[in-house]
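This report refers to the structure that appears directly beneath it.
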Amino acid sequence: MTRGKLVFKNLTRKKSRFLFTIMGISVGIASLVTLLSLGTGLEAEVKKQSQALGAELVVTPKGWCAYEQISVLTGETLPEAIPNADVEKVAAIKGITAIPYLVQRTAIKNQPVTVVGILPKPMKQFKNWEIDRGDYRLDQESAVVGSSIAQQFELKTGDKVTIRGTEFKIQGILKEMGNRDDLVIYLDLATAQKLYGVGDKVSFIAVKVDDVTQMDRYSQEIQERANVAVVSDKQLIRSVLAIMGTVRNTLQMIAAVAVLAAAFGIINTMLTAIHERKREIGILQALGAKRRTIFSLFLYESALYGLLGGVLGLAAGFALSFFAAPYIEQSEFTAFLGSAQSVKMFSPAVVGQTMLFAVVVACLAGIYPALKASRLSPVEAISYE
Amino acid sequence: MSEMIIRAEKLTKIYENGYSTVALQDVDLEIPRGSLSCIMGPSGHGKSTLLHLIGGLDRPTSGQVFLGNLDLTAIDANQLAEVRCRRIGFVFQFFNLLPVLTVLENVEIALMLAGTPPRGQREWAEELLDLVGLEDKLQARPNQLSGGQRQRVAIARSLANDPDILLMDEPSGNLDTKSERELLENIEKVNQRGKTVVIVTHSPTVAAVAHRIYYIQDGRLQKVAQNR
């Protein structure tokens, strides 16, 4: 006979109660794991999208907040606020390449799709795009689409898409890039500006510099010449991650509350068990069990609830995050969460943190019942009927 | 004069449950080492309370209990648990076996609490169960046994840590005549091995095998009778 064996036998003697208590903690842990694993790949994903943008500096209208900065990376619709005059001023600066973006939206088969107005030639060079099918030609009647869009809507070269009542022929389909460029319909900038009625304005300008050590100087010069704001790619990542982090932490706190609620379930289960096994506690005391022995036996039971609930919750959480990720609605907040790449399965950090949390919470929940059991009077306990 | 293994001096126990109930008052008692003694008296007159006090399961309101030279009223709860573990074996009327454990495990658990490693536990527990004639019931659960068999498991368990003294509270209270006879055989066997046995009982059959009988009435020790 060992303490472990005794604990396990006591734990599993009331099977349904054991299962429901385990399920309580598993559900809490599963929700925590889902949110933790969805967030784990977030930083890498944000950096990847930033890299895909290919710019060291992003020129934005003055007064843009962090939420709008996120949209530079996620492809959400952006207000058009930089006039062509400013674009030209920025482009005229020696040592930089300026690529203007006009980011808008349309719908194909009732699904929202990002439309980006670009300068075709500089953009192709800037992004190193390659054409998979058709030609790279953008004009008043032609568009080029990303590979995922083509796949999703079964578009072929020569097909027509209607954007704001105007038909465009799909002239070319880009080779898969593995980033958000695959999810966009590209139009010629002037055509897009006319189509969306934004005059000569663009949403932002991506800037590539020849000498990265001179970033501050370029940034200053851009702001001196044009009425715009400049952020570096690193600042962009930082502010995006800060916002994502806040959202993620809030969600994780909600999940942690679910685990805490389960902890009260453990307290309840353990108190019931102590009430039912009062006489058995008395027997153990008559046999010479010390207070700390009784305390540890009941604490181990609680810890085991945490351990088993943690393991089950981990498995359920990983499964849930894997299957749920593609269904998360796209928005500024969840755009990065919604891709399978953002889910890092079986991250040791997530496993470690979650198991530790589950066991610590279960142990804390077990302290009061265990203390109560250990403080029973032997004669009172053994005489209990 | 034989050595006294248990000595109680002016032992008083008053229960306070909103009002005071005097369970035991000024009891002086001596039990010789190696004896087989009975405590008799009407129900509710303090027999079990006396047994609990001399077994260190409860503490007196006043007075002292000595186990050999050790004053049980002067030691803390952990030391008292240690005494119960190594020097005293208990047998109760309702057997008090742990229902989730097998017969073998019910004996092993007493050894586990004393720190005996699992292998040693098994060998010794099997030997004890053999002694009480339950070698073929090792893997049975308590609810698969008769009352007499359960009481034999309880005796085997009480002997697990080779205690000096065995305290039995109405051990035949739930047994039929045949099982009671078997129980007495086991008790005498244990006593002949040098263990001091103290039995709280109403049964004249049990009292008949005792060397000494202590009569308790209204919480006081009325008389001590020598059987042999």
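The values are calculated or read from the model by the stated rules, or taken from the named source; none is laboratory data. As the structure is a prediction and not an experimental result, all values here were calculated from the model. Reconstructed Cβ throughout: ideal geometry from the backbone, glycine too, with neighbour counts over all protein chains shown.
A few remarks follow.
- Residues in segment B:66-95 that are part of a strand (DSSP E or B) and closer than 18 Å to residue B:34 by Cα were compared, and the one that is farthest from the other protein chains (Cβ to nearest Cβ) is B:66.
- Boolean, residue B:53 is of a type outside the set (Val, Ile, Thr) and away from chain A (no Cβ under 11 Å): no
- Hits in segment A:167-196 - residues which are of a type outside the set (Lys, Arg), surrounded by fewer than 20 Cβ atoms within 10 Å (Cβ to Cβ), at pLDDT 90 or above and in contact with a Lys or Arg (Cβ under 9 Å, 6 or more places away or on another chain): A:167
Yes/no matrix, rows are residues, columns are (1) surrounded by 14 or more Cβ atoms within 10 Å (Cβ to Cβ); (2) of a type outside the set (Asp, Glu); (3) in contact (Cβ under 8 Å) with a residue 24 or more places away in the chain; (4) within 11 Å of chain A (Cβ to nearest Cβ):
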{"residue": "B:19", "(1), (2), (3), (4)": "no, yes, no, no"}
{"residue": "B:25", "(1), (2), (3), (4)": "yes, yes, yes, no"}
{"residue": "B:28", "(1), (2), (3), (4)": "no, no, yes, no"}
{"residue": "B:31", "(1), (2), (3), (4)": "yes, yes, yes, no"}
{"residue": "B:39", "(1), (2), (3), (4)": "yes, yes, yes, no"}
{"residue": "B:48", "(1), (2), (3), (4)": "yes, yes, yes, yes"}
{"residue": "B:61", "(1), (2), (3), (4)": "yes, yes, yes, no"}
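- All conditions in (1) of a type outside the set (S, T, N, Q); (2) buried (at least 17 other Cβ atoms within 10 Å of the Cβ); (3) under 16 Å from the mean Cα position of the chain (by Cα) hold for residue B:219, with the sole exception of (3).
- Hits in segment A:345-378 (condition: more than 14 Å from chain B (Cβ to nearest Cβ), hydroxyl-bearing (Ser, Thr, Tyr) and more than 17 Å from residue A:267 (Cβ to Cβ)): A:347, A:354
- When A:115, A:103, A:90, A:59 are checked against the criterion of being under 23 Å from residue A:218 (Cα atoms) and outside any helix (DSSP H, G or I), A:59 stands alone in meeting it.
- Pairs, first facing another protein chain (nearest Cβ under 7 Å) in segment A:281-294, second among the charged types (D, E, K, R), C-beta under 6 Å, six or more apart: A:288/B:84
- Residue match in segment A:233-246 (condition: away from every other protein chain (no Cβ under 14 Å), surrounded by fewer than 21 Cβ atoms within 10 Å (Cβ to Cβ) and modelled with pLDDT of 90 or more): no
- Condition check for residue A:230: within 18 Å of residue A:82 (Cβ to Cβ), out of contact with any Asp or Glu (no Cβ under 9 Å at 6 or more places or on another chain), modelled with pLDDT of 85 or more and buried (at least 17 other Cβ atoms within 10 Å of the Cβ): yes
- Residue count for segment A:9-24, restricted to those that are more than 19 Å from residue B:122 (Cα to Cα) and within 11 Å of another protein chain (Cβ to nearest Cβ): 5.
- Summed over segment B:120-176, residues that are hydrophobic (A, V, I, L, M, F, W, C), free of Cβ contacts under 8 Å to residues at least 40 places away in the same chain and within 26 Å of residue B:57 (Cα to Cα) total 5.
- Enumerated helices (runs of 4 or more DSSP H) restricted to segment B:100-170, each holding at least 2 residues that are at pLDDT 90 or above, more than 22 Å from residue B:198 (Cα to Cα) and at the interface with chain A (Cβ under 10 Å from one of its Cβ atoms): B:103-113, B:118-131
- Residue within segment A:265-276 that is charged (D, E, K, R), buried (at least 18 other Cβ atoms within 10 Å of the Cβ) and within 14 Å of chain B (Cβ to nearest Cβ) present: no
- Residues that are buried (at least 22 other Cβ atoms within 10 Å of the Cβ), outside any strand (DSSP E or B) and modelled with pLDDT of 90 or more are absent from segment B:174-184.
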